[in-house]
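*Asks:* The structure that follows is given in the form of structure tokens.
The values are calculated or read from the model by the stated rules, or taken from the named source; none is laboratory data. In this text the structure is predicted, and so the values were computed from the model without any measurement. Because the Cβ atoms are built from the backbone with ideal geometry, glycine has one as well, and the counts that use them run over all protein chains shown.
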Amino acid sequence: MKFLLQILFLLFTWFNLSATTAFSKVALPNQTVFFHKTTNQNQESEVKNGVSNFARSGILENSFSQKAVLWESFVLENRAREENVNVVSGAGSLVSKLTGIAKNAHENLLLGGVKFIDDGVSIKYLTKNGAEFAKIENGKILLTKADGKWPLPSEYLDANYISTHLSKFDGGVTKITSYNPTGSVGPPGGTFVLPKSQADLLIQQAGGDVNKLEDLLGLKRGDLGTNPFRIDINNPSGLRMPSGNEAGANEFWIPGGKTSGRILEATVDQIQLGSYVKKTVF
Amino acid sequence: METVISEKFGCKIIERNSKLFIQYDNGQSASWIIENEITKEEAEKAFISGDFAYEVILAAQKRNKPTRVI
């Protein structure tokens, strides 16, 4: 029995040593994190496919969404454990302290394969060329590019991440309006849209209650008026990853294709009369 | 008193109390109509094409936060 306990103790010690090697607990002043394409991308695709079927904002009672969030956290953690990835735990790591919009922005960029530097005070995000374009500081994500414009998504996000994201819009896109559109919909430069499947789910969950739909979409109550319309487009023109430079990108916009309320988003060209189907939401 | 000067490229240009405004969809997934005050020169530019109208909108947004119409 004593011998068995000794073996168990040795095994336990060995396991702990292995874990330390894979997930360093040494705090370092600066860490540059590089991501490489690995099998985790398959896991990410699985997560993304799950995420595409729901909006996490306000519908956490959905058990599937809870599972997907947990799974996504698992994948993010695994990415950080990969080869050539340095992780700072404890003092010196700001990533572990992020909450709210900043956390969501970081998750978007992490899943998109964006390189970042966490110095414990701020997290700086780099383009593929190594130029800083944004940072998280004091709980906010800030554009730091000198010209005041967000870089093109292709300059900092993995091509595979972008194509996977856009594939979630293959079943058509939807835009919801507080008004009854009669002509072109959206500003001339294009408009944000969400996947039709996600719009269907949110509308179904709202159960005929406009206020509940506003909550699910992360809007203020009253934003959609009393009789909102939905615009469905089966074959949108110019489907693309949002850049953040659009007229529709407000101060709450975060990069990576998911809103701060975790709704999937893309942009399309201005929606022309004849290319869409219009009906009231409820 | 409000007069519609033009309605083109998904934008409406109106005159109200001797001031010009461009009204447009805010461009978000869930949207409503907003407006920005513009100059006469910008109004003329916005008549020309959708691209120019968009430039006018972006420039107006840099000057002032748009206000909601509908």
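*Asks:* From the list B:G10, B:G50, which one is surrounded by fewer than 21 Cβ atoms within 10 Å (Cβ to Cβ), within 13 Å of another protein chain (Cβ to nearest Cβ) and among the small types (G, A, S)?
*Replies:* Step by step, each of B:G10, B:G50 is checked, and only B:G50 is surrounded by fewer than 21 Cβ atoms within 10 Å (Cβ to Cβ), within 13 Å of another protein chain (Cβ to nearest Cβ) and among the small types (G, A, S).
*Asks:* Would you pick out the residues in the stretch A:229-282 that are farther than 16 Å from A:S184 by Cα, of a type outside the set (A, V, I, L, M, F, W, C) and over 24 Å from the mean Cα position of the chain (by Cα)?
*Replies:* Within the stretch A:229-282, A:T280 is the sole residue that qualifies.
A quick yes/no check of all residues on (1) surrounded by fewer than 21 Cβ atoms within 10 Å (Cβ to Cβ); (2) within 22 Å of B:Q61 (Cβ to Cβ):
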{"residue": "A:L213", "(1), (2)": "no, no"}
{"residue": "A:F229", "(1), (2)": "yes, no"}
{"residue": "A:W253", "(1), (2)": "no, yes"}
{"residue": "A:T259", "(1), (2)": "no, yes"}
{"residue": "A:V281", "(1), (2)": "yes, no"}
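*Asks:* How many residues, within the stretch B:53-70, are within 11 Å of another protein chain (Cβ to nearest Cβ) and either crowded, with 21+ Cβ neighbours inside 10 Å or in contact (Cβ under 8 Å) with a residue 24 or more places away in the chain (or both)?
*Replies:* 10
*Asks:* For A:G120, are the conditions met, namely being away from chain B (no Cβ under 14 Å) and either surrounded by 15 or more Cβ atoms within 10 Å (Cβ to Cβ) or within 16 Å of the chain's Cα centre (by Cα) (or both)?
*Replies:* yes
*Asks:* How about the stretch A:189-203: which of its residues are modelled with pLDDT of 95 or more and of a type outside the set (A, V, I, L, M, F, W, C)?
*Replies:* Correct list: A:G190, A:T191, A:P195, A:K196, A:S197, A:Q198, A:D200.
*Asks:* Of everything in the stretch A:227-274, what is within 12 Å of another protein chain (Cβ to nearest Cβ), out of contact with any Phe, Trp or Tyr (no Cβ under 6 Å at 6 or more places or on another chain) and acidic (D, E)? Give them in sequence order.
*Replies:* Across the stretch A:227-274, the qualifying residues are A:E246, A:E251, A:D269.
*Asks:* I've got another one for you. Restrict the check to the stretch A:153-164 and report whether at least one residue is free of Cβ contacts under 8 Å to residues at least 60 places away in the same chain and within 14 Å of chain B (Cβ to nearest Cβ).
*Replies:* no
*Asks:* Follow-up. Could you count how many residues in the stretch A:163-198 are within 20 Å of the chain's Cα centre (by Cα), hydrophobic (A, V, I, L, M, F, W, C) and buried (at least 17 other Cβ atoms within 10 Å of the Cβ)?
*Replies:* Residues that pass the stated criteria total 5.
*Asks:* Mind checking whether some residue in the stretch A:133-148 is in contact with a Ser or Thr (Cβ under 8 Å, 6 or more places away or on another chain), in contact (Cβ under 8 Å) with a residue 12 or more places away in the chain, within 22 Å of A:P242 (Cα to Cα) and acidic (D, E)?
*Replies:* no
*Asks:* Given the conditions (1) at the interface with chain A (Cβ under 7 Å from one of its Cβ atoms); (2) of a type in the set (A, V, I, L, M, F, W, C); (3) touching a residue at least 24 places away in the same chain (Cβ under 8 Å), and given that B:A30 satisfies all but one, which numbered condition is not satisfied?
*Replies:* If we test B:A30 against (1) at the interface with chain A (Cβ under 7 Å from one of its Cβ atoms); (2) of a type in the set (A, V, I, L, M, F, W, C); (3) touching a residue at least 24 places away in the same chain (Cβ under 8 Å), just (3) comes out false.
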